[in-house]
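Right, one structure below, let's go through it.
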Amino acid sequence: MQNRASIVLSIAVLVGGLAVVSTPALAQGRGGGGGRGGGAPRVAPALPPAGPIPRTADGKPNLEGVFSGMGSGLTHTVILEDHTSGFGIRGGKSLITDPANGVIPYQPWALVERNKRREDVNAYEDPVGHCEFYDIGRLHSFAQRFMYTGGNIAIAGQEQIVRIIDMNRKQHLPASIRLWNGDPIGRWEGDTLVIDTTNFNGRTRMALGGDFYSANAHIVERYTMVDSNTINWTMTVDDPTVFTRPWTFTTAAPMIRQVDGSNDWNRALRLLDPAWEHDCHEGNVVLRHMRNVYEQTWGGKPRPQTVPGSVP
């Protein structure tokens, strides 16, 4: 939490193009104006009134559809904890529900590392800026699409990242196999989908502001459907390598069903409209500038980082 104001401002100045400037482009479409061809914005049909939980043939909640917990907008893509508004950044209350003080319980060394990641000269280290993987928690700043395939559940998120939740397997992959977003195994506890994930590579970040866990993390997500339009989501992170205790956070608002045809950018048009292509790399001039600053600062070599267990 220390140096928060200066850190937030520094990040916003250098990487605002990745987190904020791109927002109007998503809203306007390729041709500007609102529609993809530059015409008038599409008018989204109204969300049907909430009804009973829809269910599959086996009686489990049917999560199929697109849901977003973004609420009023992008408030926590930079900082998960309580923060005020800054240049290009909306203020927001802490997403951490446990511990009660809303502060991530970092070990002292890890807090130092997290704060180094927030310094503007180190912005180039963020994998999302390289069009690489979003972290599980970071995906929840945007809409997600739930689908069923072969008895398993697929969750499609930002930048066309798709997680296949294995609903049949009981054991995780061997420890030698490490993945960007880990090895997810799902099960049902009543009307709650529980996703248990291990086998991380320790290279993702939970937010632009550098929050992280190591490859040793054990993460449990809970998706609880409360009616036909609403899902409550939490994510508990247990990683004794980085934190002093397990901790839990949630979305800025309950995950609300999104209506196909919406022109609102927070409904992730890439998930609703297959005609949208993945264009993260095109015109990514900001990354070039961040790399120049980073290499000048560290003599052309990566900054020394001490994160036990992480995979190069």
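The values are calculated or read from the model by the stated rules, or taken from the named source; none is laboratory data. Because the structure is predicted, anything quoted here is derived from the model rather than measured. Note: ideal-geometry Cβ built from the backbone for every residue, glycine included; neighbour counts use all protein chains shown.
Taking region 78-91, which residues are surrounded by 22 or more Cβ atoms within 10 Å (Cβ to Cβ) and either hydrophobic (A, V, I, L, M, F, W, C) or modelled with pLDDT under 85 (or both)?
Correct list: VAL78, ILE79, LEU80, ILE89.
Quick one: which strands (runs of 3 or more DSSP E) lie wholly within region 90-199 and hold at least 1 residues that are aliphatic (A, V, I, L, M) and in contact with a helix residue (DSSP H, G or I) (Cβ under 8 Å, 6 or more places away or on another chain)?
Of the strands (runs of 3 or more DSSP E) lying wholly inside region 90-199, those with at least 1 residues that are aliphatic (A, V, I, L, M) and in contact with a helix residue (DSSP H, G or I) (Cβ under 8 Å, 6 or more places away or on another chain) span 152-157, 161-165.
On the basis of being closer than 19 Å to GLN144 by Cβ, of a type outside the set (Ser, Thr, Tyr), outside any loop (DSSP other than H, G, I, E, B) and in contact with a helix residue (DSSP H, G or I) (Cβ under 7 Å, 6 or more places away or on another chain), does VAL66 make the cut?
yes
Among the numbered conditions (1) touching an Asp or Glu at 6+ places or on another chain (Cβ under 9 Å); (2) among the aromatic types (Phe, Trp, Tyr); (3) over 14 Å from ILE104 (Cα atoms), tell me where PHE212 comes up short.
Only one criterion in (1) touching an Asp or Glu at 6+ places or on another chain (Cβ under 9 Å); (2) among the aromatic types (Phe, Trp, Tyr); (3) over 14 Å from ILE104 (Cα atoms) is unmet by PHE212, namely (3).
Consider only pairs whose beta carbons are under 9 Å apart and that are at least six residues apart or on different chains; among these, list those whose first residue lies in region 52-77 and is at positive phi and in contact (Cβ under 8 Å) with a residue 60 or more places away in the chain and whose second residue is surrounded by 14 or more Cβ atoms within 10 Å (Cβ to Cβ) and hydroxyl-bearing (Ser, Thr, Tyr).
GLY71/THR251; GLY73/THR23
Cβ-Cβ under 8 Å, sequence separation 6+ or interchain: first residue in region 285-298 and over 15 Å from CYS131 (Cα atoms), partner of a type in the set (Asp, Glu). Which pairs?
Listed by first residue and then by second, the contacts come to VAL293/ASP120; TYR294/GLU125.
Tell me, which residue of region 224-251 that is in a loop (DSSP other than H, G, I, E, B) and of a type in the set (Ser, Thr, Tyr) is surrounded by the fewest Cβ atoms within 10 Å (Cβ to Cβ)?
Among those residues, the one meeting the criterion is THR244.
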